[in-house]
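Quick note: the coordinates plus some simple rules give every number you see, no bench work behind them. What you see is a predicted model; the values in this text were computed from it and never measured. Cβ sites come from the backbone with ideal geometry, for glycine too, and all protein chains shown count toward neighbours.
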Amino acid sequence: MKLYILGCMGPYPEKDRALSSYLVETDESKVLVDCGSGALANLQKYIEIKELDGLILSHLHGDHMADVLSLRYYCASHNVRLNVYLPNEDSCEYRLIAGTPFFNIVHIQDSKTIKIKDQEITFVEMIHPKQTFGIRVTDGLVTLSYTGDTVLNPNLDILTEGADVVLADCSYPTELHTPQTPHMSLYQGAKYAENKPFKLLVTHIKPEYDITDEATQLGLECVNQGDIYTIKHNGCIKE
Ligand SMILES: [Zn+2]
């Protein structure tokens, strides 16, 4: 299983940077997870858009789904039908996506498991201002968990059970983090991963702050746009 970091910033990009989007590639399938601005341009460095077997949206905040609005035009131009898995919510973002005739809309729910070819994907509800689902994907050999956007919560244990790698929204500088912050801090991420059998990768990098020093102090690895990880048992290797 390979994880491509197409974009990892939020909630808005720095120069030449894309927002949350990850390609999960296994032997038989290619699944796009989140689709922030810049995602489609970067995806095409690796595959053609029509090769996608599905798109999963963890939640419908703009920094995780803006490029879906352009993806509609690609699908219409190329006569491509795409399965789009997303929360069912009453919002203009939802209606824009669900009203697209080239998307097959599939609603995701807590504890729901789907199959996309050789990928078995389970959704676990997280806590964030919008309904948000973490995603656990396995190809039967290795397991990757992605938290989406969330604060620290007990469902993380369900999401990360059996994971070899956890890609987590825990890049918030600890000294600026408050109980109202809708993301996890670096310290919370590090504490959560302590003595766990998985490798933690930090994502949702904020443009305003340089977290390099704190991440290094805590022994955390932050992902970068363009990184490609091969998921292994209890860890990963960056190409
Ligand atoms: Zn969000």
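Values as computed for the structure displayed
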{"quantity": "Qualifying residue in the range 69-86 (condition: closer than 29 Å to Ser171 by Cα and touching a residue at least 40 places away in the same chain (Cβ under 8 Å))", "calculated": "no"}
{"quantity": "Leading residue by the ranking (farthest from the ligand (Cβ to nearest atom)) among those in the range 61-76 that are small (Gly, Ala, Ser) and farther than 11 Å from Leu40 by Cβ", "calculated": "Ala76"}
{"quantity": "Residue ID - farthest from Asp210 (Cα to Cα), chosen from residues in the range 1-47 that are touching a Pro at 6+ places or on another chain (Cβ under 9 Å) and away from the ligand (no atom under 15 Å from the Cβ)", "calculated": "Gly38"}
{"quantity": "Considering residues of the range 1-36 that are polar (S, T, N, Q) and either out of contact with any strand residue (DSSP E or B) (no Cβ under 8 Å at 6 or more places or on another chain) or not in a strand (DSSP E or B) (or both) only, the residue surrounded by the most Cβ atoms within 10 Å (Cβ to Cβ)", "calculated": "Ser20"}
{"quantity": "The range 136-155, subset within 22 Å of Pro11 (Cα to Cα) and more than 14 Å from the ligand (Cβ to nearest atom), residue surrounded by the most Cβ atoms within 10 Å (Cβ to Cβ)", "calculated": "Ser145"}
